[in-house]
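The values are calculated or read from the model by the stated rules, or taken from the named source; none is laboratory data. Since this is a predicted model, take the numbers as computed values, not measurements. For neighbour counting, all protein chains shown are included, and Cβ atoms are generated from backbone atoms with ideal geometry for every residue, glycine included.
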Amino acid sequence: MDFDDKRLVALARRGDKKAFSELYNHYANELFLFLRSRSRNREDALDLVSEVFIRVLRYISSFRGESSFRTWVYRIARNLLVDYYTANARSGSLHLEEEQWLSIGSKDESPADDQDEKQHEIEVENSKETKVLQGILDKLPENYREILELRDLMNFSYAECAQAMNIKEDNAKVLHLRALRYAQKISADLNLESAYEKGVKL
């Protein structure tokens with residue numbers, strides 16, 4: 001049976017806790033993979049996942065369905081990453097890739113209140129594969145990295161990728177193909193078997 005997020009979102013908007021839990025269980029792992037690729041360690045990524053869903057819970061009643069639910073969650077995560085990098089910049093510990101994200105990643109209009117929530121454990125692939133793929137992603141141009149994260153880590157459709165990146169769907173398909181080829185070249189240069197060729201995900 002296909003996952004029906006529209007039905008679950010409608011129920012969650014009316015306060016159905018079970019529906020919200022199903023949404024969390026469906027999207028949390030792919031969201032963690034994206035945030036782990038963008039943050040410094042597993043603990044920061046888990047904190048960010050928790051914060052994303054705190055905001056989803058708080059503002060789901062205002063979600064109008066103009067974009068897919070997955071795209072809306074991604075935008076919340078993206079805004080949180082801007083906050084995360086800004087905090088690192090203020091502490092004087094900003095990494096180069098974080099500076100690049102801040103320079104191009106303006107925040108979408110989305111609520112940004114903070115609240116504590118119990119941290120959830122998420123199953124991930126083994127650390128060796130994660131490190132290999134992280135090394136490849138870190139060497140990609142930003143637009144290539146983003147399309148791979150959306151398509152291969154977060155399981156976005158091409159239409160959702162296009163919506164998230166503000167490009168046409170055909171352009172998203174071409175960009176994804178070019179990004180895959182670039183990632184394969186990087187892995188070859190590093191004398192590594194491409195994780196993307198193996199179909200392995202972070």
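Within the stretch 168-192, which residues are of a type in the set (A, V, I, L, M, F, W, C) and crowded, with 16+ Cβ neighbours inside 10 Å?
ALA172, LEU175, ALA179, LEU180, ALA183, ILE186
Yes or no: ARG36 within 19 Å of the chain's Cα centre (by Cα), under 27 Å from GLN134 (Cα atoms), modelled with pLDDT under 90 and not in a helix (DSSP H, G or I)?
So ARG36 does not fit the description; no.
Among the residues in the stretch 69-76, are any in contact with a Pro (Cβ under 9 Å, 6 or more places away or on another chain) and either at pLDDT below 50 or not assigned by TED's automatic domain parsing to the domain that holds ILE147 (or both)?
Within the stretch 69-76, one or more residues are in contact with a Pro (Cβ under 9 Å, 6 or more places away or on another chain) and either at pLDDT below 50 or not assigned by TED's automatic domain parsing to the domain that holds ILE147 (or both).
Are any residues in the stretch 32-52 closer than 24 Å to ILE147 by Cβ and buried (at least 16 other Cβ atoms within 10 Å of the Cβ), and if so, which ones?
Correct list: PHE32, LEU33, PHE34, LEU35, ARG36, SER37, ARG38, SER39, ALA45, LEU48, VAL49, VAL52.
I'd like the full set of residues that are at positive phi and either in the same structural domain as TYR27 (by TED's automatic domain parsing) or among the hydroxyl-bearing types (Ser, Thr, Tyr) (or both), limited to the stretch 146-193.
none
Residues that are at pLDDT 85 or above: find the helices (runs of 4 or more DSSP H) completely inside the stretch 95-202 holding 2 or more of those.
By residue number, 127-138, 142-148, 158-165, 169-189.
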